[in-house]
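Encoded as structure tokens, the structure appears first; notes follow it.
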Amino acid sequence: MNCYVILTTRMKAPDQYHCSRADPFTSLLAALALYLATAFAARGQAQTAAPAPAPAASPATNAVTTAGDDIIPIVAFDSVPLRDAVTTLARQAGLNAEFDPALLKQVVPEVTVKWTQVTARQALRALLDNYDWQMTQSPDSAAHINVKDPNAVGLRRTIANLWEKSPTNGAPGDVVVSAIVFDSVPVPDAIRALARQAGLNIQFDPALRKQKAADGTLVWSSTVTDKWERVTARDTLLALLNQVGWQVTQLPGNPIFRIGPKSP
């Protein structure tokens, strides 16, 4: 079965974008990006679905090499092993990552994310936190990476307020669209697309892949078939998250959000 996204404005006739079962995420993002390019062109804020990649910091990522506290235009990992992603970000932050021997024996997941306008340190801390790892920095710029101590004192995730217009969430002013339609789109792909349209950097809690619905099916593998009218991408994102029982959290002051199961 195919899936479609229809986004319209008062100044433009309805547009229908098709994405095949083989690659729904890519086509879906391309459709949303094309819409944004039209909606923001008059204000010089046109966007594209695939910005030209900056010089690679390493073969594992196309993130820009820069100082740890400088804003990076784009950080992108595509099926990169977690340790490699951490090593790359640490290097960009001017740190040498040293992993606890226990971590070197673990089978690590692969990371697929795309974040914009973040620093290497923000990206590193958010990525480590998402997988319950932590970093202890030494005076010699060594970053010791090990499993997070649940009783350790430090920054902890809090429920994020996506309506807050502040630099901590990176969300631009919302644009009301006539309709947002999903037809058999995988839940994670729909959430990624809406977050990107809303200008939000996100990553998924690994626990979501094992979460089951009341009927015993995996929520991660479910699809969305729904239509919202006269809404913003952010409102639609929150409605969809509530529908599947997920919530948004973040580390204080970090512009990268974590999508995870809703707290009991």
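Laboratory data are not the source of any read-out in this text; all were calculated from the coordinates shown. Please read all numbers here as calculations on a predicted model, not as lab measurements. Heads up, the Cβs are rebuilt from the backbone with ideal geometry, glycines too, and the neighbour counts pull from every protein chain shown.
Of note:
- Residues being surrounded by 19 or more Cβ atoms within 10 Å (Cβ to Cβ) and not aliphatic (A, V, I, L, M) - total across segment 132-155: 1
- Given (1) touching a helix residue (DSSP H, G or I) at 6+ places or on another chain (Cβ under 8 Å); (2) farther than 25 Å from Thr116 by Cβ; (3) not hydrophobic (A, V, I, L, M, F, W, C), number of the condition Asn242 does not satisfy: (1)
- Here Val248 clears all of (1) in a helix (DSSP H, G or I); (2) within 18 Å of the chain's Cα centre (by Cα); (3) within 22 Å of Val176 (Cα to Cα) except the condition numbered (1).
- The one condition from (1) surrounded by fewer than 22 Cβ atoms within 10 Å (Cβ to Cβ); (2) in contact with a strand residue (DSSP E or B) (Cβ under 9 Å, 6 or more places away or on another chain); (3) in contact (Cβ under 8 Å) with a residue 40 or more places away in the chain that Gly253 does not meet is (2).
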